[in-house]
Amino acid sequence: MNSHAFHPRRRLFFRTLAAAGAVLVAGCDKLSRTEWFPKLLSNTEILTRKAQRAILPRKSMAQEFPESERSPEFRSNGTAMPENPQYKALASSGFAAYGLEVGGLVEKPVIFSLEELRALPSRTQITRHDCVEGWSAIGKWKGVPLMAVLEAVRPSAAARYVVFHCADPMESDGSSPYYESIDMDDAYHPQTILAYELNDKALPIANGAPIRLRVERQLGYKHAKYVMRIELVDSFEKIAGGKGGYWEDQGYEWYAGI
Ligand SMILES: Nc1nc2c(c(=O)[nH]1)N[C@H]1C(S)=C(S)[C@@H](COP(=O)(O)O)O[C@H]1N2
Ligand SMILES: [Mo]
């Protein structure tokens, strides 16, 4: 199936699912820590996942949009400024000293400067971001395909997931940094990029500077901002709450395909 030519009925189906999700889910804020929340979400998400599996092959492309459909503004959600002294120091000098460490189950760990990331092949895409809170925005992203970064570090055969460690602590005592993970299918997908530009400008801090993940067939919370370190693993059981992401540890589905 050509994913650029969604049948209108299928689109309606996805919108209906998304709307159902939006009503059930207050997501992305502290409200979601109530007890009923994880259960409700996972029922919805199981439905979404089954529908997604039945209709869309994993390798299909997310819809891309013309410039004319770009949202006038791409709002910020979740962290807008990491409460992390090291991050603030990096930011105050324009991220000149930033280094993206890519390691774990790889043959050749590398630390990439921003300059090195920008020197790799780039991809630009105008896509729609869907947050489980029920808002969407269309933005233009430029970045390096994660595939190119992985080719440089050569994942070992045992690698099954790519974990993104972020700069922002989610607890007021500075602990629980945001993190996320995706599988190798999504990692090598052509629209999966480490973005350094939003709407033709350097990525703003509010949207994840200097590097944020775009994984276009997944819901908003998978799109890790402030990525400081990338780790290839065979399991995320031993990382933080063991569910593969900050919000997953609170009860969100790990597979947030849309
Ligand atoms: N590091 C980090 N990444 C994050 C978040 C966050 O709070 N911290 N919030 C997530 C959620 S829920 C959404 S919807 C998007 C918001 O991205 P934006 O701020 O560019 O709109 O980032 C995701 N990635
Ligand atoms: Mo979100």
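Only one of the numbered conditions (1) touching a Lys or Arg at 6+ places or on another chain (Cβ under 6 Å); (2) over 29 Å from PRO85 (Cα atoms) is not met by VAL215, and that is (2). Summed over segment 190-205, the residues that are within 13 Å of MET61 (Cα to Cα) and open to solvent by 10 Å² or more (accessible area, probe 1.4 Å) give a count of 1.
Within segment 108-140, being away from ligand 2 (no atom under 16 Å from the Cβ) and out of contact with any strand residue (DSSP E or B) (no Cβ under 8 Å at 6 or more places or on another chain) holds for LYS108, GLU115, GLU116, ALA119.
Taking segment 88-136 as the range and being assigned to a loop (DSSP other than H, G, I, E, B), open to solvent by 60 Å² or more (accessible area, probe 1.4 Å) and either within 15 Å of LEU194 (Cβ to Cβ) or within 16 Å of ligand 1 (Cβ to nearest atom) (or both) as the test, the residues that pass are PRO121, SER122. Exactly one residue among ILE182, ILE205 is within 16 Å of ligand 2 (Cβ to nearest atom), over 17 Å from ALA137 (Cα atoms), β-branched (Val, Ile, Thr) and in contact (Cβ under 8 Å) with a residue 40 or more places away in the chain, and that residue is ILE182. One residue is enough: does segment 155-174 have a residue meeting the conditions among the acidic types (Asp, Glu), in a strand (DSSP E or B) and within 13 Å of ligand 1 (Cβ to nearest atom)? Scanning segment 155-174 turns up at least one residue that is among the acidic types (Asp, Glu), in a strand (DSSP E or B) and within 13 Å of ligand 1 (Cβ to nearest atom).
The values are calculated or read from the model by the stated rules, or taken from the named source; none is laboratory data. Quantities reported herein were computed from a predicted structural model and do not represent experimental measurements. Every residue, glycine among them, receives a Cβ derived from its backbone with ideal geometry; neighbour counts consider all protein chains shown. Surface accessibility is based on the protein's heavy atoms, side chains included, excluding ligands, DNA and RNA. Shrake-Rupley method; radii C 1.70, N 1.55, O 1.52, S 1.80 Å.
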